[in-house]
1. Across region 15-31, which residue is surrounded by the fewest Cβ atoms within 10 Å (Cβ to Cβ) among those that are under 16 Å from Arg222 (Cβ atoms) and of a type in the set (D, E, K, R)?
2. For region 91-128, what are the residues that are surrounded by fewer than 19 Cβ atoms within 10 Å (Cβ to Cβ), touching a strand residue (DSSP E or B) at 6+ places or on another chain (Cβ under 8 Å) and of a type in the set (D, E, K, R)?
3. Criterion first (over 16 Å from the mean Cα position of the chain (by Cα), surrounded by 16 or more Cβ atoms within 10 Å (Cβ to Cβ), within 25 Å of Pro102 (Cβ to Cβ) and at pLDDT below 95) does Ser43 satisfy it?
4. For Ser148, indicate whether it is at pLDDT 90 or above and either farther than 30 Å from Lys229 by Cα or buried (at least 17 other Cβ atoms within 10 Å of the Cβ) (or both).
5. Yes or no: region 67-83 includes at least one residue that is within 19 Å of Ala36 (Cβ to Cβ), in a helix (DSSP H, G or I) and over 13 Å from the mean Cα position of the chain (by Cα).
6. Which residues, taken from region 95-107, are at pLDDT 95 or above and in contact with a helix residue (DSSP H, G or I) (Cβ under 8 Å, 6 or more places away or on another chain)?
7. Going by the conditions given, is Ile34 under 17 Å from the mean Cα position of the chain (by Cα) and either surrounded by 15 or more Cβ atoms within 10 Å (Cβ to Cβ) or not in a loop (DSSP other than H, G, I, E, B) (or both)?
Amino acid sequence: MLIKLTHLFILDCKDSEKLLKGNKFNSFSRQLAIQAKARGRESVEEITDLDRKDIKKSKKKLREDAANKYKGDGMETFGEAFIKIFPTHPYVQIENYKLVPPENDFGVDGEGIGSNGKVHTVQIKYKYNRTKILGVNENNLTNFVTKSALPVDVGGFGVDLNYRNPSSRSVIAGKSNMTIIHSGKEIHWRANEELLPLCIQLSREHIESLVDQNNMFWNSFRDSWKKSKERLLKNNK
C-alpha cells in the first residue's frame, strides 16, 4: 500500500534506512533520538563573534532547539503515515489528512475529515520516555484546543466541540474531532479531566498495538517514504 507523504522531514532525515529499520515503534523512536542528537551537534559549528560564556550558552540552546525540531518533525512524519495507513481504524477515523503549513502551525499539526464528515484536527508529540506524563503548559495542549475550536474566519479550524452522531445528530459525550497522538504514557490526569475532556488521546500504547511487528505497516511506510522522497526532490529542483 503506497501513500503520499508530504512532510519535508523526508528530505531532511539523516538516515532513513536506519530510522525505518525493523518493525517496532521503539526502534523508530530510539533511532530518531540518536539522529536528533547528531543534528544538534551539527547546529553549533558556525557560532562566532560571541564571548566564551555566551558561546557556551548559545551552543547549548542551539543543540537543544535543533534536536527537538528534528524529533518533532520525525514524529510528525510518522504520524502522517500512521493516519494515512490506518484511516478507518477505530483509533483514528480520519480521512483526507493533510499537514498544516509550518508558517500556520500554532498548535495544530494536521487536519482531515472525521467520521462525522466534519474537520478533524491533530497534534503530534514526540516523547522518548515511554513513561512520560504530558503536562498542558510544556506541550502547548491548550493552544491545540483553542486553535482547533476557533472559527475559520478568525484563523482557526472550526472544530465542533460537541461531536454528533452522523445519523441521529445526538451528541456523543466525551468525543470530538480533535486527536492528540504522542509517544509518552498519557496526558496528565488533571489536564485530561479538566482541560481536554473532549480530545481523543492516542498514546505509545495505542501506537505500538497497531504497528509493532506489523510488517505490512513498516513495508508501506518504507516504500511510501522512498516514492515520496523522489517526488519531493523532483518538485524542489
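1. Going residue by residue through region 15-31, those that are under 16 Å from Arg222 (Cβ atoms) are 15-25, 27-28, 31.
Checking which are of a type in the set (D, E, K, R) leaves us with 15, 17-18, 21, 24.
Details: Asp15: 12, Glu17: 10, Lys18: 15, Lys21: 13, Lys24: 14.
Of everything passing the filter in region 15-31, Glu17 is surrounded by the fewest Cβ atoms within 10 Å (Cβ to Cβ).
2. Glu95, Lys98
3. Numbers: over 16 Å from the mean Cα position of the chain (by Cα): yes; surrounded by 16 or more Cβ atoms within 10 Å (Cβ to Cβ): yes; within 25 Å of Pro102 (Cβ to Cβ): yes; at pLDDT below 95: yes.
So Ser43 fits the description; yes.
4. Numbers: at pLDDT 90 or above: yes; either farther than 30 Å from Lys229 by Cα or buried (at least 17 other Cβ atoms within 10 Å of the Cβ) (or both): yes.
For Ser148, the condition - at pLDDT 90 or above and either farther than 30 Å from Lys229 by Cα or buried (at least 17 other Cβ atoms within 10 Å of the Cβ) (or both) - is met.
5. For region 67-83, residues within 19 Å of Ala36 (Cβ to Cβ), in a helix (DSSP H, G or I) and over 13 Å from the mean Cα position of the chain (by Cα): present.
6. Correct list: Tyr97, Leu99.
7. Numbers: under 17 Å from the mean Cα position of the chain (by Cα): no; either surrounded by 15 or more Cβ atoms within 10 Å (Cβ to Cβ) or not in a loop (DSSP other than H, G, I, E, B) (or both): yes.
The answer is no for Ile34.
The values are calculated or read from the model by the stated rules, or taken from the named source; none is laboratory data. The structure presented is a predicted model; accordingly, all values stated were derived computationally and were not measured. Backbone-built Cβ (ideal geometry, glycine too); neighbour counts: all protein chains shown.
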